[in-house]
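The values are calculated or read from the model by the stated rules, or taken from the named source; none is laboratory data. The shown structure was predicted, so the numbers you read here are calculated from the model rather than taken from an experiment. Using ideal geometry, Cβ is built from the backbone for each residue, glycine included, and neighbour counts are taken over all protein chains shown. Ligands, DNA and RNA are stripped out before the accessible areas are found, and what is left, the full protein with its side chains, is counted by its heavy atoms. Shrake-Rupley method; radii C 1.70, N 1.55, O 1.52, S 1.80 Å.
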Amino acid sequence: MLATLTGPAGIRGLDPDEVAELCAQIRDFLVQKVCATGGHLGGNLGVVELTVALHRAFDSPRDVLIFDTGHQTYVHKILTGRGADFDGLRQAGGLSGYPSRAESAHDAVENSHASTSLSYADGLAKAFQLRGEEGRRVVAVIGDGGMTGGLAWEGLNNLSVPGSGRPVVVVLNDNGRSYDPTVGGLAAHLGALRRTRPEDSSTTGPAPAPRWVANTVFEHLGLAYIGPVDGHDVAALESAFDHACSLGRPVLVHVVTAKGKGYGPAETDDADRMHGIGVLDPATGAAAPGKPTWTDVFGEEIVRIGERRPDVVCVTAAMTNPVGLGPFARTFPDRVFDVGIAEQHAVCSAAGLAMGGLHPVVCLYATFLNRAFDQVLMDVALQRQPVTFVLDRAGITGPDGASHHGMWDTGILSVMPGVRVAAPRDPASLRELLDEAIADESGPTVIRYPKATAGQDIPAVDRVDGLDIVYSSGAGSPEVLLVAAGAMAGPCLDAANLLHGSGIGATVVDPRWIAPIGPALIELAARHRVVVTVEDAARSGGMGALLVEACADADVTTPVLPLGLPRAFIDHGGRGDLLAQHGLTAERIAAAAARLLARPSGEAGDLAHE
């Protein structure tokens, strides 16, 4: 059935038995393909019947289907004719792991961050109304985890404006989880709705969809409420969607699904129902043992710090385990606060924790810090609150693509007065810098590290005013200073050896704290003929740009060439391949330094692009 599927029209004429067979084939297809490439498995297994029902009840792309978040769109991709492309899922040049407007007209929105769908739906419905396209329906599929984000409620508030006449269908996919079990008052409310029995319809015949006696928060906001509906019953789902469309007003359809449905290893995975996986054996769900990651190192060290510091508490946004807080949560369950997918609230709440005499550690993926810019700036930095931010998945993350590369944080944070940013080069420096950050009570501190194996420790040959010299070519005056941010220390060391082999003396320095620029780094730059900075982050506003500005302010004329990531949205691919593509390899670093040194004027010019 899948082999001949070119679009959703092909499933609308199937009988119930054929629909059941299609769902079984899709589920098996997902297990085989995603276990081979890695990706988001559990959530997609849970929405097989839901997605089939959506495409049978609605006419995509004329009717717009918006999935929040986009990692649950694998079934949607299969049904819209992209099943043959799954061998290249999340690989360079292959199928994106999220909705992609470049891939298909069925992907109207590239939403890969949570809680956005209702705002998109509100805007699209308004646009269709103003353009006289009322026949086009808008459907927003949002998980109960996505509903914990404040933006979702802002969108819901506007969708339910009385008399708007915009019949948006909100499908609440309630599986009790985001990455971790859903938290907060909404989770309790949905749980109560799931436990309530529907009205007895025996005297009136089958109802077009279940309707609860209990009042719901959604009805009080002005939406019609239908549900709960069994999210694994295609016929019940289609009936609910038909009923929703007949009402001619904003409707919320409460659908109950099981994340990881139909695959034993996912159904029994207590951590996150195999939300996101690497390459696995599909028969067993087992992965090959891996080496310790940066996340693992952090997870161990924060427990040790917690044992010494009873004032240290941790805050996360629905990612207790993915950011490495599992051990801390098990050791100090009362000192971890999972606020749901609500980064703005996480940061502002952390400011309150700091005001109350605690030292909060806010643990997020680097890309999700973007969502809380105002809170970091105005609620933490402006008020000089001692909050430590630990940014996992900083820099190039690889297969998750443009929305998930954690490459914007240094540019965002560098404009904020009083914020100190550290980038550890190895496990030992991560432990040391984390301890320093949490000991700093003067204001906000940040630790950033990549999604990668942590590697071996890189010992320093000297420490000068807080800077670690990790390589020096020896006698004489080295000509090139390589300034390595965090994990870029390894490539810089290899680049220094290449330069040495060409007769060019070099120094490699790890500044440890990459922002703001300290006077010791400016002085070190002044003692070399040229400086090349190397960072796994956007060049704009990054460590290199800050050093250029600092040297100019100090009348240091040494040319500084910043190497890093361009001001561009970078596609998905392997981390190593993407770093190489953007010049962050030993060979490219050494070549850029040699070219800069050879220029008569010593000006950096456009070497960063060569």
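Label point 7 Å out from GLN129 along Cα-to-Cβ: which residues of the stretch 159-178 have amide N under 13 Å? Flagged as within label range: 159-169. Here the spin labels are modelled as points 7 Å beyond Cα on the Cα-Cβ line, and at PHE569 and MET378 they lie 2.7 nm apart. So what's the gap between the Cα centers of the stretch 81-152 and the stretch 3-57, to the nearest angstrom? One Cα centre to the other: 18 Å.
Potential lengthening of the chain between ARG195 and ARG309 amounts to 36.9 nm, from the contour at 0.36 nm per residue minus the alpha-carbon distance.
If R0 is 41 Å, the Cβ-Cβ spacing of SER472 and GLU154 corresponds to a FRET efficiency of close to 0.15. MET319 sits with roughly 10 Å² accessible to a 1.4 Å probe, with DNA, RNA and ligands left out of the calculation. Counting only heavy atoms of the protein chains and using a 1.4 Å probe, VAL415 has close to 90 Å² of accessible surface.
Quick check: convex hull of the Cα atoms in the stretch 507-610, volume per residue, rounded to a whole Å³?
Hull volume normalised by residue count: 104 Å³.
On the protein heavy atoms, probe 1.4 angstrom, tell me the percent of accessible surface of the stretch 289-372 carried by carbon and sulfur.
57 percent
Normalising the average separation of contacting C-alpha pairs (under 8 angstrom, six or more residues apart) by the number of residues puts the relative contact order of the chain at 11 percent. For PRO478, the shell of other residues with beta-carbons less than 10 Å away shows a net charge of +1, using +1 for Lys and Arg and -1 for Asp and Glu.
Charged side chains reduced to their Cβ positions (Lys and Arg at +1, Asp and Glu at -1) give the chain a dipole of some 520 debye around its Cα centre.
Quote the FRET efficiency, to the nearest 0.05, computed for THR331 versus ALA188 with a Förster distance R0 of 22 Å and r equal to the Cβ-Cβ distance.
In this case the efficiency is close to 0.25.
Classification of the stretch 435-496 by its C-alpha gyration tensor yields an oblate form. The axis ratio a/c (a ≥ b ≥ c) is 1.5 or more, and b/c is at least a/b. Answer rounded, prolate or oblate for the stretch 43-202, using the Cα gyration tensor with square roots of eigenvalues a ≥ b ≥ c: rounded when a/c is under 1.5, else prolate when a/b is larger than b/c, else oblate. Note, shape of the stretch 43-202 comes out oblate. The overall shape of the stretch 338-385 is oblate: from the C-alpha gyration tensor, with semi-axes ordered a ≥ b ≥ c, the ratio a/c is 1.5 or greater and a/b is no larger than b/c.
How large is the convex hull of the Cα atoms of the chain per residue, expressed in Å³ as a whole number?
Numbers: hull volume 102.3 nm³, N = 610.
Spelled out: Cα convex hull of the chain, divided by residues, is 168 Å³.
Take the Cα of ALA287, go 7 Å toward its beta carbon, and the backbone nitrogen atoms of the stretch 2-43 under 15 Å from that spot belong to 34-43. Within the stretch 270-425, all pairs of alpha-carbon atoms sorted by distance into 5 Å bins from zero give the percentages 2, 9, 17, 21, 21, 16, 8, 4, 2, 1, 0.
To the nearest ten degrees, helix 343-355 and the longest principal axis of the Cα atoms of the chain are 60 degrees apart.
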